[in-house]
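The block underneath contains the structure these notes are about, expressed in structure tokens.
The values are calculated or read from the model by the stated rules, or taken from the named source; none is laboratory data. What you are looking at is a predicted structure, and each value in this text was computed from that prediction instead of being measured. Neighbour counts are summed over all protein chains in view; Cβ atoms, including those assigned to glycine, are modelled from backbone coordinates with ideal geometry.
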Amino acid sequence: MPPTSNTQTISYLAKRFSEAGIRLNTRHGQNFLIEGNLLRLLVDRAALDQRDVVFEVGTGTGALTDLMAPLAGAVVSVEIDHQLHQLAREELIAHPNVTLLRADALKNKSNLNPDVVAEVERQLAVHDARRLKLVANLPYNVATPVIANLLSSTIVPAAMTVTVQKEVADRMVATPGSKDYGALSVWIQCQCRTEIVRTLAPSVFWPRPKVTSAIIHLEVDRPRRDAIADLAFFHDFVRSMFLHRRKFLRGVMLSTYSGRLDKPQVDEILAALDLRGEIRAEQLDVPAFLRLAAAVQSALPPE
């Protein structure tokens, strides 16, 4: 019987894993969401319809996949664990619109797996009206790179509705001057509207993690994203400015662009934007970061 929101329970999972001889691999961050109402909340907030190609990272037993398949045009679900992949193949056989890939979603920390990207692109190409959505109970160890890399890939989703560690969700929605505000905050918010949908206690997962989680919804704002002339430069610029977050911005800029920008040039850039030399990166909001990055890029000599 395919998994449903009622069968993704500790007793069901323990019995099914025992029957299949599956032992969980802690390296893969495997924590199964066992509350059916929360699985449905995740799907409901994603607002799926037949235009959607769903990208799911971490198929697991296929419980979430099973809920999404009847709603979406197609689902591309990736599972790194070969035993879980085989289990999901058996459980999801009734869904012809589901493509299951046994693979790592990431090629490396900074890039998605090109084979996975190719399959998602193939599904998107089936119809001009198709759009991508990331919907997943993301394994903790890949959550941040999957989301960050999707925003700089060729398959930018229309929206992402996922479970992540609560501290990661807090960083994504953080405001300037707060302890959680950093490069990830700026990279997400320069392109997306953000919302923490629900905080999740460790007790709603099995095995129970040591951290609190959250469902977060990120809606890509195309005009906001398209207004950034050079996304790759902006991404690198923001990461560089936060490498030494407690240092003054002036010093970080001089260090980052040593040999390409001198002190008078950096001071001129900051003065033109009415920014004090002793300001820190964590104090700048997203619009200020966008203006500063554009000014720096304009001032840099050709490489």
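Worth pointing out:
- Pair list, Cβ < 8 Å and 6+ apart or interchain, from segment 150-168 residues that are free of Cβ contacts under 8 Å to residues at least 24 places away in the same chain to residues that are assigned to a strand (DSSP E or B): none
- Segment 204-257: number of residues that are within 30 Å of Leu24 (Cβ to Cβ), among the hydrophobic types (A, V, I, L, M, F, W, C) and in contact (Cβ under 8 Å) with a residue 60 or more places away in the chain: 6
- Taking the numbered list (1) among the aliphatic types (A, V, I, L, M); (2) in contact with a strand residue (DSSP E or B) (Cβ under 7 Å, 6 or more places away or on another chain); (3) within 11 Å of Lys133 (Cα to Cα) in turn, Leu64 passes all entries but (3).
- From the list Thr61, Thr65, the lone residue that is modelled with pLDDT under 95, assigned by TED's automatic domain parsing to the domain that holds Arg102 and either outside any loop (DSSP other than H, G, I, E, B) or polar (S, T, N, Q) (or both) is Thr61.
- Single residue of segment 110-147 satisfying the filter (within 14 Å of the chain's Cα centre (by Cα) and farther than 27 Å from Thr61 by Cβ) that is surrounded by the fewest Cβ atoms within 10 Å (Cβ to Cβ): Ser110
- Verdict on Ile196 being surrounded by fewer than 16 Cβ atoms within 10 Å (Cβ to Cβ) and closer than 16 Å to Val162 by Cα: yes
- Hits in segment 188-212 (condition: closer than 13 Å to Ala148 by Cα and not in a loop (DSSP other than H, G, I, E, B)): Ile188, Gln189, Cys192
- Residues that are outside any helix (DSSP H, G or I) and not charged (D, E, K, R), drawn from segment 173-187: Ala174, Thr175, Pro176, Gly177, Ser178, Tyr181, Gly182
- Restricting the search to helices (runs of 4 or more DSSP H) fully inside segment 217-300 and requiring at least 2 residues that are basic (Lys, Arg) gives 222-226.
- Look at (1) closer than 15 Å to Met160 by Cα; (2) in contact with a helix residue (DSSP H, G or I) (Cβ under 8 Å, 6 or more places away or on another chain) and you find that Val142 fails only one, number (2).
- Of everything in segment 233-267 that is surrounded by fewer than 16 Cβ atoms within 10 Å (Cβ to Cβ) and of a type in the set (A, V, I, L, M, F, W, C), the residue that is nearest to Ala299 (Cα to Cα) is Phe233.
One line per residue, one yes/no per condition, for (1) assigned to a loop (DSSP other than H, G, I, E, B); (2) closer than 25 Å to Ile228 by Cβ:
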residue	(1), (2)
Pro96	yes, no
Leu101	no, no
Leu134	no, yes
Tyr140	yes, no
Thr144	no, yes
Pro157	yes, yes
Arg171	no, yes
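- Some residue of segment 249-272 being under 30 Å from Thr163 (Cα atoms) and at pLDDT 95 or above: no
- With respect to (1) at pLDDT below 95; (2) closer than 21 Å to Ala143 by Cα; (3) buried (at least 19 other Cβ atoms within 10 Å of the Cβ), the lone exception for His82 is condition (3).
- Between Val146, Val135, the distinction of being touching a residue at least 24 places away in the same chain (Cβ under 8 Å), under 26 Å from Leu284 (Cα atoms) and touching a strand residue (DSSP E or B) at 6+ places or on another chain (Cβ under 6 Å) belongs to Val146 only.
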